[in-house]
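Okay, structure first, notes after.
The values are calculated or read from the model by the stated rules, or taken from the named source; none is laboratory data. The structure presented is a predicted model; accordingly, all values stated were derived computationally and were not measured. All Cβ positions, glycine included, derive from the backbone under ideal geometry; neighbour counts span all protein chains shown.
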Amino acid sequence: MSASGGTKAIVAALGANLAIAVAKFVAFAFSGSSSMLAEGVHSIADSGNQGLLLLGGKRAKREATDEHPFGYGRERYIYGFLVSIVLFTIGGVFALYEGYEKIHDPHPLDNWFWPVGVLVFAVLAEGFSFRTAIKESNELRGKQTWSQFIRRAKAPELPVVLLEDFGALVGLVLALFGVVLTLVTGNGVWDGIGTMCIGALLVLIALVLAAETKSLLLGEAAGPEQVARIREAIVDGDVVTRVIHMRTLHLGPEELLVAAKIAVEHDDTAAEIAKAIDAAEVRIREAVPIARVIYLEPDIYSEAAAAAGPDPEATPGGR
């Protein structure tokens, strides 16, 4: 992903959430609406989440060390996972608790125009943030559906902001639903029901984010198109005749490790093989620029070994 695009979306979301949080807490103070309180806490949690994403992006830029020779690119995944935890606990669980309390001890709203006015303002501000996230994501999404983009994105920032903003907009509609029904019926239970719905929505989004960032933390391979381009770039048809087996791993959103065992002829000299490997590395980086760490091991291809099954030391495909 474009780091600048992700940062732009995060900053837009942070500014919107801080302004919305202040407005929501003011509305809660004047109206006593539990939906406003839950939404205010939600906006504070979202602001903290954007701060975590910015911090993760900054820490991920540190240079590699002897202790961490592949760098710190995965810090972005760690902070993305922390975001899902914060959203689940501070956002979702708090809203569920507050809604439960309001249902069991309902009371009418005071100064109803405060929550209604703030919700309208919040919808506009969140809409601006969501629009920015969609615009930045569309530059990377290509022909993927939105669900495919969120599942397959190797950078956590844009999917996180997209889901947060989407959840915020739906949550605002639910809060408005609860407030309006409370005003119409005079029964504060509806405000509590709206708050409970907000909590359930946030918990669901947090679980989706946790699942996706967990997969990234465990280590994901390059996409099928990138793998195909790397395989094609390795083989030169002269010295390197085929890829025996290959593994790829994202060290970070913009850094890919490539490890492959390549087939060479038994009578090739060491100098010829070394030159062919150097040329293959150049072709790989031209085909997939994020392939930063490349290890190519020459070997003699054996039909019998390949037919016998996987190499027990490493990968499927045999030698």
Residues of the range 253-308 satisfying the condition of being touching a residue at least 40 places away in the same chain (Cβ under 8 Å) and among the charged types (D, E, K, R): Glu254, Glu255, Lys261, Arg283, Glu286, Arg292, Asp299
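The rows are residues; the columns are (1) over 30 Å from Val180 (Cα atoms); (2) part of a helix (DSSP H, G or I).
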| position | (1), (2) |
| --- | --- |
| Val11 | yes, yes |
| Ile20 | no, yes |
| Ala23 | no, yes |
| Leu54 | yes, yes |
| His68 | yes, no |
Residue within the range 73-80 that is in contact (Cβ under 8 Å) with a residue 24 or more places away in the chain, crowded, with 17+ Cβ neighbours inside 10 Å, among the hydrophobic types (A, V, I, L, M, F, W, C) and farther than 27 Å from Leu174 by Cα present: yes
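Here are Gly92, Gly127: which of them is in contact (Cβ under 8 Å) with a residue 40 or more places away in the chain, in the same structural domain as Gly167 (by TED's automatic domain parsing), surrounded by fewer than 19 Cβ atoms within 10 Å (Cβ to Cβ) and under 30 Å from Val189 (Cβ atoms)? Walk me through it before giving the result.
Numbers: Gly92 fails: surrounded by fewer than 19 Cβ atoms within 10 Å (Cβ to Cβ).
Going through Gly92, Gly127 in turn, just one is in contact (Cβ under 8 Å) with a residue 40 or more places away in the chain, in the same structural domain as Gly167 (by TED's automatic domain parsing), surrounded by fewer than 19 Cβ atoms within 10 Å (Cβ to Cβ) and under 30 Å from Val189 (Cβ atoms): Gly127.
Scan Val179, Val170 and give me the residue that is surrounded by 15 or more Cβ atoms within 10 Å (Cβ to Cβ), in contact with a Ser or Thr (Cβ under 7 Å, 6 or more places away or on another chain) and among the aliphatic types (A, V, I, L, M). Reasoning before the result, please.
Values: Val170 fails: in contact with a Ser or Thr (Cβ under 7 Å, 6 or more places away or on another chain).
Only one candidate qualifies: Val179.
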Helices (runs of 4 or more DSSP H) wholly inside the range 82-190 that include at least 2 residues being basic (Lys, Arg): 113-141, 146-152
Identity of the residue in the range 225-252, in contact (Cβ under 8 Å) with a residue 60 or more places away in the chain and within 25 Å of the chain's Cα centre (by Cα), that ends up farthest from Tyr79 (Cα to Cα): Ile230
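Would you confirm, using the coordinates I've provided, whether Phe121 is in the same structural domain as Ala21 (by TED's automatic domain parsing), within 30 Å of Glu255 (Cβ to Cβ) and either touching a strand residue (DSSP E or B) at 6+ places or on another chain (Cβ under 7 Å) or in contact (Cβ under 8 Å) with a residue 24 or more places away in the chain (or both)?
Values: in the same structural domain as Ala21 (by TED's automatic domain parsing): yes; within 30 Å of Glu255 (Cβ to Cβ): no; either touching a strand residue (DSSP E or B) at 6+ places or on another chain (Cβ under 7 Å) or in contact (Cβ under 8 Å) with a residue 24 or more places away in the chain (or both): yes.
The answer is no for Phe121.
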Qualifying residues in the range 172-209 (those that are small (Gly, Ala, Ser) and under 15 Å from Ile90 (Cα atoms)) - the one modelled with the highest pLDDT: Ala200
